[in-house]
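Before any comments, here is the structure.
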Amino acid sequence: MGESKLKQTKQDETLMTGAGVQTVAGRVQIRWESKSAATPMGQLAYFIEFLNLTGLWQRWLENCPLTYLSHNAPSKADVLETWMLSVLSGHKRYSHVTAIRCDGVNPSLLEMNKVISEDSMRNALKRIPEAEGTAWLDQHITDSTAPLLDAPWIMDTDTTVKPLYGKQEGAVISYNPTKPGRPTHTYHSYIMAGLRLVLGVEVHAGNEHAAKHTQPGLLKILDDLPTSRKPKLIRGDSAFGNDPMMTALEQRKQPYLFKLKLTKNVKRHIARLFNQSDWRDVGQGWEGKDGALMLIGRAQARRVVVIRCPIKGEIVLSGADNGQQLLGFIEADRRAGKEITGYEYAVLVTNTDYEILGLGQLYRDRADAENVFDKLRKHRFIPYISPFQRSQ
């Protein structure tokens, strides 16, 4: 037998060999068949083993503040197990729960008595008090993430808009860049940078998208963390570069790095610095200049860093005046005789003493968090993270 056939035979034997998995219902044998059609939930058996052996499932079940008095009511285990299977199956509505009633494998691995109906699950979640239910979920999220916070880490915070198509609580027509006029929810998210680990998501009504609605939840997370586990830096976009947010963080001696909105006073500051020398390299073609700025209504001057990057190539600006098209040509290279250069620029505000080079890279690293925020907006099971609407 040829070497390729021996390799294929060995691979087939490995795939056909059963593997023992310790589930809630007991130990079962899992066998992989590479050439057979399989359910997309086939790997759930290994996740059930993880929940069982670590005790996460049992603790989550025991701490759930759900109680029934009727003997005809479903068990708390059946409610939570149906809920979890529905979430992992990517369901977006309660009516989709019916689909997992046809699954004859995974419910039995959780030792479920039955898969409850959509009405039973909806009514069960209504029976959980909002304050107790939120504390229950928050505590288990904290228990899962706390061991990672002993190392230095950075928190990214942002707000994202989720368009809605059903009649859901808190669905309000407000700011919506993708589908204007469509009711939305607003997700206020807190993420551990680098690991893409979501520390928390608060679901607000669609018209509560400003940073002032993020601030209470952010400060609560910071106040609940011990000093040794607080983030070394909090990053956010221009929505968070406001005086109330920065003042609250400064009172807690919490380092931050935000972007400033380009208001008139900020633009004047840029103009004062633009033709000065000693701009320093901040990496990837950008250069920066340090300074201090006190805006109207602010309690004190704060450190700001203006960063800019020459635009490569030639660009054209298009506009209209009384129906007549206007074009502006910008020569973006710096060859002799071409003194006009286009710039991309931004203004960062911080209370740290990091070097300019480090600040530029730190804010560029925040771009990785945008991928997480985008997934939060598009992912199907995000509304299940917290079924309790928080009012701040």
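If you go through the stretch 354-385 and keep only what is modelled with pLDDT under 50, surrounded by 18 or more Cβ atoms within 10 Å (Cβ to Cβ) and not β-branched (Val, Ile, Thr), you end up with just Pro383. Just to be sure before I move on: is Ala211 over 19 Å from Asp150 (Cα atoms) and not charged (D, E, K, R) in the structure I sent? It is true that Ala211 is over 19 Å from Asp150 (Cα atoms) and not charged (D, E, K, R). Scanning the stretch 298-323 for residues that are free of Cβ contacts under 8 Å to residues at least 40 places away in the same chain, in a strand (DSSP E or B) and surrounded by 12 or more Cβ atoms within 10 Å (Cβ to Cβ) returns Arg308, Cys309, Pro310, Ile315. Selection of the stretch 120-137 for residues being surrounded by fewer than 17 Cβ atoms within 10 Å (Cβ to Cβ), assigned to a helix (DSSP H, G or I) and in contact (Cβ under 8 Å) with a residue 24 or more places away in the chain yields Arg122, Leu125, Arg127, Glu130, Glu132. Can you name every residue in the stretch 138-190 that is touching a residue at least 40 places away in the same chain (Cβ under 8 Å) and on the phi > 0 side of the Ramachandran plot? Scanning the stretch 138-190 gives a single hit, Gly170. When the criteria are applied in full, Lys212 fails the requirement of being surrounded by fewer than 18 Cβ atoms within 10 Å (Cβ to Cβ), without any contact (Cβ under 8 Å) to a residue 12 or more places away in the chain and either polar (S, T, N, Q) or not in a loop (DSSP other than H, G, I, E, B) (or both). Of all residues assigned to the stretch 140-156, at least one qualifies as being at pLDDT 85 or above, touching an Asp or Glu at 6+ places or on another chain (Cβ under 9 Å) and surrounded by 20 or more Cβ atoms within 10 Å (Cβ to Cβ). In the condition set (1) closer than 30 Å to Leu295 by Cα; (2) exposed (fewer than 15 other Cβ atoms within 10 Å of the Cβ); (3) of a type outside the set (A, V, I, L, M), Glu250 is compliant with all but (2).
Within the stretch 356-376, residues that are in contact (Cβ under 8 Å) with a residue 60 or more places away in the chain have Cβ atoms under 8 Å from residues that are assigned to a helix (DSSP H, G or I) and among the β-branched types (Val, Ile, Thr) in these pairs: Leu376/Ile382, counting only partners at least 6 apart in sequence or on another chain. When Asn72, Asn106 are screened for being at pLDDT below 85 and out of contact with any helix residue (DSSP H, G or I) (no Cβ under 7 Å at 6 or more places or on another chain), only Asn72 passes.
The values are calculated or read from the model by the stated rules, or taken from the named source; none is laboratory data. On a predicted model such as this, the values are computed, not experimentally measured, just so you know. FYI the Cβ positions are ideal-geometry reconstructions off the backbone, even for glycines, and counts take in every protein chain you see.
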